[in-house]
Amino acid sequence: MTDKENKLVLPLKRPEWLKVRPPLSSKYTEIRDMLKSLDLVTVCQEARCPNIEECWTGGTATFMLLGDTCTRGCRFCAVKTGNPKGVIDLDEPEKVGHAISKMKLDYVVLTSVNRDDLPDEGSSHFAKTVRIIKKEKPEMLVEVLTPDFHGKEDLVKIMVDAAPDVFAHNVETVERLTKKVRDRRATYKQSMDVLSMVKKLDPSRVTKTSIMLGLGESDDEVLQTLKDLREVDVDVVTFGQYLSPSKRHLPVVRYVTPEEFKNWEKVAMDLGFLYCASGPLVRSSYRAGEYFIKGMIERRQAVASLEKKMNHGVS
């Protein structure tokens, strides 16, 4: 072995713009303890999100349904991998509804682990949770961040029929890096197909996706991904810096500067996305983005309500 081959490769030093203080507020602690008492899992905790305190105290939160064990093993993700053996908490939809009422949220994101061990991959359980929330609190805006369900349209339809306000599914990275970054069962085309299916089933549904930067992608590849997303009429895209959860996960290839993130935001908006949140600490579920989407949906609802009243008056 040469000296070059024997050289220890050290992880990249994290730049100043990625340093955040740990969550310490009493509001954060109160919510954390309440979730623990209900045995509920949030992706905010599982994915070690750097924005957890800002979101929880600002009216948004992301709940992870169907347990904390994923049947897939993506190399970027901190969620544990295993075989849940078909076990689910049948009371979870009601528990989530109770937690939401206690947290005084106005925008909630529901996501889940992949459950390839279930016949419907968890889609019915997921959809039931959406319906319960909408029944208990109709004004609540609900975003679902779903697995790919192996690209099965009947399972995607179960989710669309539950009428979430936003349907999100993450492509995560550019096409070339997909096999390296994601589980072998998750393909770039499959993710694009899912996003396309949503618009086919309900053209009015807001669709959203997220891309991590810093995994070795080129600018041309990112641009092509954005163009592919517009081809399937995705409305909202977010960009964030990939941060390796541990030494067992993929290392960070590069820390992307705040200026570069700002540029990608402009590129996305110029391509026709309705909204783009882009920054080193931006995550798929991100309070600023959710605030914008909330306003957009409320404006659409107001216009639809006015048109309905006008049509009723004419008739």
Margin query: Explain nothing, just compute: Karplus ³J(HN,Hα) = 6.51 cos²θ - 1.76 cosθ + 1.60, θ = phi - 60°, for every residue of segment 141-155 in order, whole Hz, x for Gly and Pro.
Written below: 8, 10, 10, 10, 10, 9, x, 8, 6, 6, x, 7, 5, 5, 6
Checklist line | Radius, Kirkwood style, for segment 78-236 when every pair of distinct Cα atoms is counted (Å) | finding: 16.5 Å
Checklist line | Extension gain (nm, one decimal) between Asp220 and Lys179, 0.36 nm per residue minus Cα-Cα | finding: 12.9 nm
Note to self: What is the ratio of the Cα radius of gyration of segment 61-131 to 2.2 N^0.38 Å, with N the residue count, to two decimals?
What the structure shows: 1.14
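Which net charge results when you count Lys and Arg as +1 and Asp and Glu as -1 among the other residues whose beta-carbon is under 9 Å from that of Thr225?
Residues close to Thr225 contribute a combined charge of -3.
Read-outs: derived from the displayed coordinates by stated rules, not from any lab. These numbers come from a predicted model, not from an experiment. When we count neighbours, we look across all protein chains shown, and the Cβ atoms used for this are built from the backbone with ideal geometry, even at glycine.
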